[in-house]
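Have a look at the structure below before the remarks.
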Amino acid sequence: MRENIIEYLNDPLLVVKVQNFFGVIYKKHVENNESSVIHSEHLERLDEENDLKQHKRIPSNTSSSSQSSYETDSSVEKEEIECTISNKFWYYLFVIGTALGDEIFYATFIPFWFWNVDGAVGRRVVLVWTVVMYIGQGFKDIIRWPRPGYPVKKLQTKWAIEYGMPSTHAMVGVSIPFSVLLYTMDRYQYPVHWGLIIAVAWCSLICVSRVYLGMHSVLDIAAGLLLSSALLVVLIPVVDWLDGVLLTSHCSPALVIAVSILVIVFHPNADKWTPTRGDTTMIVSVCAGILTGSWTNYQLGNMAPSDSNPPYEIIWPSIDMIGCTILRTILGFCGVLATRAIGKSISYAFVCALLGKDKNELRNSENSLDNKNKIIVELSYKYFTYGMIGFNTTYVFPNVFDLLFINRPTYYTEI
């Protein structure tokens with residue numbers, strides 16, 4: 001019974017049914033250049049008739065992953081599946097939805113939250129997000145289940161080279177909105193049911209988008225939701241306690257940096273090169289930088305407890321506050337981009353020089369597990385660059401905002 005459920009949820013045809021429901025039309029293309037519309041039921045019959053077990057599936061890590069097909073013997077007509085998008089609304093909505101679990105979202109949401117909303121909640125959410133993502137990314141390279149294969153058409157191939165189980169997008173869809181909800185519901189006065197509705201809608205949009213785009217099976221999504229939900233039960237109270245320790249302890253930076261380097265070095269190894277380890281390095285280093293920057297503020301006496309006790313009233317922005325918010329955001333993001341450009345250039349060249357390698361030659365070399373020098377350089381420059389971005393986000397830029405008299409009034413009272 002359990003095996004049947006797992007097999008059903010992992011069935012690529014279930015992904016096709018979801019795509020069909022939201023307006024993705026599958027067509028059968030044959031050698032005479034004619035095509036006809038087919039639905040998931042027809043695909044299922046084709047699956048049985050052609051005995052897919054004897055066919056060679058193109059691996060998801062090839063450049064043709066978005067053009068998945070299978071090879072048949074000479075007695076069976078070669079068929080190719082194409083698809084068209086009949087409903088652009090769902091397509092663009094789900095493209096936006098999947099972006100909520102992407103690097104661009106992290107790079108904008110996290111700094112914006114610190115500069116304009118609440119640093120205490122931000123530190124906790126980032127730490128929860130980092131642990132959840134590290135565990136999810138690690139499981140991917142341990143389990144090594146491929147993403148949905150034939151006849152699923154991938155409408156977006158950015159993450160196709162990675163393994164699919166569990167869905168880290170689904171894990172982010174749980175960890176970020178629900179940790180924000182849980183850390184703010186007793187801290188601020190607002191209708192919690194609206195927060196819950198937003199968190200559920202946020203999570204649902206991300207999860208459905210991954211199936212719609214053909215990047216995950218329903219089983220991948222379910223596993224990601226269950227794993228992240230279980231982790232949140234443990235992490236929410238632990239991180240709430242740990243935040244105070246990391247902020248006040250004198251040995252906090254040494255501990256944070258040591259642990260962050262160790263978890264990167266001992267990240268589970270896959271059987272092929274994927275960008276998973278590099279992405280994990282960015283996440284861990286951003287967290288380390290944010291925690292170190294916050295600790296620096298506290299140790300220098302910049303941070304002090306609030307005069308009042310929670311739950312606090314939400315301070316709705318005035319016209320002047322909106323202007324300062326826009327100015328902080330623009331200046332801050334310019335600083336983030338400058339940090340990334342300078343940090344990457346300097347650290348990449350420095351590590352290449354230590355290894356005695358030409359940086360241009362190494363940058364253009366093949367991505368492979370055997371290319372140890374490139375892996376070392378990639379992980380090193382990402383750790384330094386994104387660690388500096390995290391540090392600047394919580395220490396350097398807020399102090400610059402202070403000098404310009406545009407800092408958020410409550411920034412240094414959020415312990």
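General observations
- With the simple spin-label model, which puts each label point 7 Å out from Cα in the Cβ direction, the A258 to V396 separation comes to 2.7 nm.
- Protection-proxy order for peptides 388-401, 15-28, 353-366, each taking the mean of Cβ atoms within 10 Å per residue, highest first: 388-401, 15-28, 353-366
- Ratio of Rg to Rh for the chain: 1.02 [Cα atoms; Kirkwood radius as inverse mean 1/r over pairs].
- For Y188, the residues whose amide H sits under 5 Å from its own are Y312, ignoring neighbours fewer than 5 places away on the same chain, with H placed 1.01 Å from N.
- FRET efficiency, 1/(1 + (r/R0)^6) with R0 45 Å, evaluated for I375 and V117 via beta carbons: 0.80
- Annotation for W241 and D102: the two label points, set 7 Å from Cα along the Cα-Cβ direction, are 3.9 nm apart.
- Among S249, S308, S285, residue whose mean-square fluctuation peaks in a GNM of the chain (springs only between Cα atoms under 10 Å): S308
- Derived scalar couplings between HN and Hα for segment 310-320 equal x, x, 8, 6, 6, 8, 6, x, 8, 4, 5 Hz in order, rounded to whole Hz, by the Karplus curve 6.51 cos²θ - 1.76 cosθ + 1.60 (θ = phi - 60°), x for Gly and Pro.
- Amide H contacts under 5 Å for C83, placed H, 5+ residues apart: K27
- Two-site FRET efficiency, R187 against Q299, from Cβ-Cβ distance with R₀ of 35 Å, rounded to 0.05: 0.90
- A compact globular protein would have a Cα radius of gyration near 2.2 N^0.38 Å; the ratio found for segment 209-314 is 1.42.
- Segment 327-368 - convex hull of alpha carbons, volume per residue in Å³: 79 Å³
- Residue-by-residue Karplus 3J(HN,Hα) for segment 240-248, coefficients 6.51, -1.76, 1.60, Hz, glycine and proline x: 4, 6, 5, 4, x, 5, 5, 7, 9
- Computed magnitude of the charge dipole of the chain (debye, nearest 20; Cβ of K, R +1, Cβ of D, E -1): 900 debye
None of the figures in this text is laboratory data; all of them are computed from the coordinates on show. Values in this document were obtained by computation on a predicted structure and should not be read as measured data. Virtual Cβ from ideal backbone geometry, glycine too; neighbours counted across all protein chains shown.
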